[in-house]
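First up is the structure itself, then whatever we jot down about it.
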Amino acid sequence: MLKKPIHLAFGDKVATVSLSWGGAGDRDVLYRYHVGKERLEKQFGLQVVEMPHTLSGSSYLYAHPEKRAEDLMQAFGDPTIKAIFTCIGGNESIRLLPYIDFSLIASNPKIVLGYSDSTIAHLFCLKAGISSFYGPSILAEFAENVEIFPYTASYVKQVLFTPSPIGLITPPIQWTSEYLAWNEENQNRAKTMQDHEGYIFLQGRGLCRGV
């Protein structure tokens, strides 16, 4: 049985970490980190705390996986921090493995949120016996152009801020795959949305209620 972390509340501290690509600290991407941070603070009422190397930049963090691991371990070890949000995915965060203290993670269960290469962090949590959350990152979803997609914001609040079971996960009304370069000129340009046709079953048989 996996240990479940305590849900978030208004005013809680959350740590931001760069466990994979360190672009959050690069000059041309830093603005986007600050957009995501501000939304976490104003829209969700959280106190955002960068770890010592969160914004050290991609070149430094690629060369120093031990520093990325230090940030993760410090976040788990700090009793005032209630959740750990990843800045972005990337690759090769498996290089953190030699520096991970699984007993520290196990004795300090807290929310871990991220996707893509952050799957490695979820595996760390699984090995330590705690549940974690595959979901939005700071640079991508929380810093989405113009605003956080309402669907994303709604489920962040439902999943991370309440103790109730998630229940039925409904599909979004709209979706987009449009690519817009991450630069400040595009920050106020909304992506083109497409209507969502609902869940599609690729194979298998059975009934699915509510979709």
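Details
- Helix-only CD estimate at 222 nm, as mean residue ellipticity for the chain, using -39500 (n - 2.57) per DSSP H run (n ≥ 4): -8500 deg cm²/dmol
- Separation of alpha-carbon centers, region 111-143 and region 63-79, rounded to whole Å: 15 Å
- Using a Förster distance of 35 Å, the FRET efficiency for Glu38-Ser103 (Cβ separation, nearest 0.05): 0.50
- Among the trypsin sites (Lys or Arg not before Pro) within region 157-203, those in coil by DSSP and having at most 12 neighbouring Cβ atoms inside 10 Å are Arg189.
- Distances between placed amide hydrogens fall under 5 Å for Lys13 paired with Gln47, Lys82, all partners being 5 or more residues away or on another chain.
- Extension gain, Ile169 back to Tyr62 (0.36 nm per residue minus Cα-Cα distance, nm): 34.9 nm
- The simple spin-label model puts a point 7 Å past each Cα toward its Cβ; for Glu70 and Asp28 those points are separated by 2.9 nm.
- The alpha-carbon positions of region 12-70 define a convex hull whose volume is 65 Å³ per residue.
- Overall Cα dimensions of region 133-211, principal axis frame, Å, largest first: 47, 32, 17
- Surrounding net charge for Pro65, when Lys and Arg each add one and Asp and Glu each subtract one, Cβ distance under 13 Å: -2
- Label separation (Lys127 vs Phe161): 3.4 nm, computed from points 7 Å beyond Cα along the C-beta direction.
- Averaging 1/r across all pairs of distinct Cα atoms in region 13-159 and inverting the result yields a Kirkwood radius of 14.9 Å.
- Expressed to the nearest 5 percent, the antiparallel share of DSSP beta bridges inside the chain is 10 percent.
Just so you know, all these numbers are worked out from the coordinates, no wet-lab data involved. What you see is a predicted model; the values in this text were computed from it and never measured. Reconstructed Cβ throughout: ideal geometry from the backbone, glycine too, with neighbour counts over all protein chains shown.
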